[in-house]
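All remarks here apply to the structure that follows.
The values are calculated or read from the model by the stated rules, or taken from the named source; none is laboratory data. A quick note: this is a predicted structure, and the numbers were derived from the prediction, not measured. Cβ atoms come from the backbone with ideal geometry, glycine included; neighbour counts cover every protein chain shown.
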Amino acid sequence: MTIRKRLTLRFTSLVSSILLLAFVSIYAFCWYFISSDFYRRLDRKANTTGDMLIRHRLDAKLIQQLGRIRKDQLPNQKIMVFDGRDSLIFLTNESLLITIPKSVLADIRQTKQKDFQQGGYYLSGTRFMTASGQYVVIASAENSYGDEFLRRLLWALTGLFVLIAGMTAFSGWFFAGDALQPMQQIDQIVSDIFPRNRDERLVVTKDDDEISRLSATINRLLDRVAESFRLQRMFVANVSHELKNPLTQISSQLEVSLLNQREPDAYRQTIRSVLDDVGDLAALTHELLQLSQVNQEDAIGLLTDTVRMDEIVWDIRDQVTAINPRYQVNIELGALPDDPDQLAVQGNKTLLATALKNLTENACKFSDDGQALIHVNFDPASLNISIQNTGQSIPTADLPYIFEPFYRSRQTADVRGYGVGLSLVERIIRLHQGQISVSSMPGQPTLFTIKLPR
């Protein structure tokens, strides 16, 4: 069921329920008032007849004659008087047959007065106490005018209820459609965005309502999706480029070697060159594999180690200085806790070592003097590690993209690498619920800061 139908149904049900309650209350009040008034009239006639017949001892025939000539007779009016032995001693309108059960007479004697209906007639019974015994006077009649009014009132209320319910349903359908029209427009625009026009966005009105906030949220989502597509295209293009170069070199060298008969040394040189290219491919494949394996979904299975970060830092210094004799790594320790175990974090030792090694090696690689400074600082909430070098600063335009896979700025185009390292570092730190930031300005050291929660 659509939202429009649900809103219409609920709105119509609510209004109909309120209307039904009001109409039932009106009908019940009218029925009670008309019935009570008619019973009062019957009670007065019963008391009048009882006073004349029982208390004043008027002649029964005279009373019947007076009743026939009175102008206030009720439709099919009949009055009956019973003595203490339930014998009928007075009767008017003999042609009308109404039988009163003895149980009803006994009930009237016990309660003194009783109003009830029987066979479409309204009856009111009254008890009279005299020295000669108990008498029961019952007046009955048809409430023709009252019953007809109630029937017409019921038909009028029923027709009015149906009419108002129909108008409510139509109005609810119209207003629900009008309220949901912006949603339909959003659906149409979003359907047209992909794959036709990925740059199109929803119109956000100045009204601070739910539709405008939803449109803004969808626009932000579309921006993230578009950015993901852009990164995906860039990733595929960069991977294709990185794979194409060594594969082309391998193919070219092998084709040249097959053109003419050559000396064994020439073949050995070609094989060594091909092996270097194959090594580059293996290194690139390894980095891509590492990048694909570091996912947020794997955090539960990966972050099972208790890692002492000060020990990791010292190991990284030895590993990086062993890569190139020119590299030099200095370590500074800030204010440390009394308990060395407080320098530990929950995580994956191998991944954290990979992240720190990549940052430290990059710092040495791009430093003017091949030196990098690692600073470890401790606070109660987190463990902060910064890697600093004094090389050429990163251009401001490149800073937002340095953590993207295969992104390489112009100043690093002639440096050996694939642009995967920083992306891998960022994923590892994010996997550990940490944060990484970079600061680089002309004339100032380039500083990468890692903040790991303890």
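Assess whether Ala60 counts as being under 17 Å from Ala141 (Cβ atoms) and either in contact with a Lys or Arg (Cβ under 7 Å, 6 or more places away or on another chain) or of a type outside the set (D, E, K, R) (or both). No, not satisfied. Remark: Leu74 matches the filter, which requires a residue to be farther than 30 Å from Ala179 by Cβ and not in a helix (DSSP H, G or I).
Of all residues in the range 98-113, those satisfying the criterion of being in contact (Cβ under 8 Å) with a residue 24 or more places away in the chain and under 15 Å from Leu42 (Cβ atoms) are Ile98, Ile100, Ile108, Gln113.
Yes or no, residue by residue, for (1) over 20 Å from Ala372 (Cα atoms); (2) free of Cβ contacts under 8 Å to residues at least 12 places away in the same chain; (3) assigned by TED's automatic domain parsing to the domain that holds Val376:
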position: Ile312; (1), (2), (3): no, no, yes
position: Ala322; (1), (2), (3): no, yes, yes
position: Tyr327; (1), (2), (3): no, no, yes
position: Glu332; (1), (2), (3): no, no, yes
position: Asp338; (1), (2), (3): yes, yes, yes
position: Ala344; (1), (2), (3): yes, no, yes
position: Gly347; (1), (2), (3): yes, no, yes
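One residue stands out among those in the range 398-452 that are closer than 18 Å to Asn348 by Cα and at pLDDT 85 or above: the one that is surrounded by the most Cβ atoms within 10 Å (Cβ to Cβ), which is Ile450. Listed conditions (1) more than 14 Å from Asn143 (Cβ to Cβ); (2) part of a helix (DSSP H, G or I); (3) without any contact (Cβ under 8 Å) to a residue 24 or more places away in the chain; (4) among the hydroxyl-bearing types (Ser, Thr, Tyr) are all met by Thr49, apart from (3).
Comparison of Thr350, Thr354 shows that the only residue that is over 20 Å from Val438 (Cα atoms) and β-branched (Val, Ile, Thr) is Thr350.
One line per residue, one yes/no per condition, for (1) β-branched (Val, Ile, Thr); (2) surrounded by fewer than 17 Cβ atoms within 10 Å (Cβ to Cβ):
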| site | (1), (2) |
| --- | --- |
| Thr2 | yes, yes |
| Leu9 | no, yes |
| Leu21 | no, yes |
| Trp31 | no, yes |
| Gly50 | no, no |
| Arg55 | no, yes |
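Would you say Leu258 is over 18 Å from Leu422 (Cα atoms), at pLDDT 75 or above and surrounded by 12 or more Cβ atoms within 10 Å (Cβ to Cβ)? So Leu258 does not fit the description; no. Figure legend. Inter-residue proximity from the range 434-454: first residues more than 15 Å from Ser367 (Cα to Cα), second residues of a type in the set (Asp, Glu), beta-carbon distance below 7 Å, spacing 6+ or different chains. Indicated pairs: Ile436/Glu426. Could you grab me the full set of residues in the range 112-147 that are polar (S, T, N, Q), in contact with a strand residue (DSSP E or B) (Cβ under 7 Å, 6 or more places away or on another chain) and within 16 Å of Arg85 (Cα to Cα)? Hits for the range 112-147 are Thr126, Gln134. Looking across Ser240, Ser251, one residue alone is among the hydroxyl-bearing types (Ser, Thr, Tyr), modelled with pLDDT under 70 and farther than 30 Å from Asn348 by Cα. It is Ser240.
Restricting attention to the range 362-396 and to residues that are over 16 Å from Arg317 (Cβ atoms), under 43 Å from the mean Cα position of the chain (by Cα) and not hydroxyl-bearing (Ser, Thr, Tyr), the residue that is surrounded by the fewest Cβ atoms within 10 Å (Cβ to Cβ) turns out to be Pro380.
Just wondering, is there one or more residues in the range 228-236 that are modelled with pLDDT of 75 or more, under 30 Å from Val190 (Cα atoms) and among the small types (Gly, Ala, Ser)? No: zero hits.
Residues in the range 55-81 that are within 20 Å of Ile98 (Cβ to Cβ) and modelled with pLDDT of 75 or more: Gln73, Leu74, Pro75, Asn76, Gln77, Lys78, Ile79, Met80, Val81. Being among the basic types (Lys, Arg) and not in a helix (DSSP H, G or I) is a property that does not hold for Arg41.
A quick yes/no check of all residues on (1) part of a helix (DSSP H, G or I); (2) out of contact with any helix residue (DSSP H, G or I) (no Cβ under 6 Å at 6 or more places or on another chain); (3) not hydroxyl-bearing (Ser, Thr, Tyr):
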{"site": "Met129", "(1), (2), (3)": "no, yes, yes"}
{"site": "Gln134", "(1), (2), (3)": "no, no, yes"}
{"site": "Phe175", "(1), (2), (3)": "yes, yes, yes"}
{"site": "Asp187", "(1), (2), (3)": "yes, yes, yes"}
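Whether any residue in the range 85-92 is over 29 Å from Glu148 (Cα atoms) and touching a helix residue (DSSP H, G or I) at 6+ places or on another chain (Cβ under 6 Å) is what I want to check. Yes, some residue in the range 85-92 is over 29 Å from Glu148 (Cα atoms) and touching a helix residue (DSSP H, G or I) at 6+ places or on another chain (Cβ under 6 Å). Only residues that are in a helix (DSSP H, G or I) and at pLDDT 80 or above were counted in the range 289-309, giving 1.
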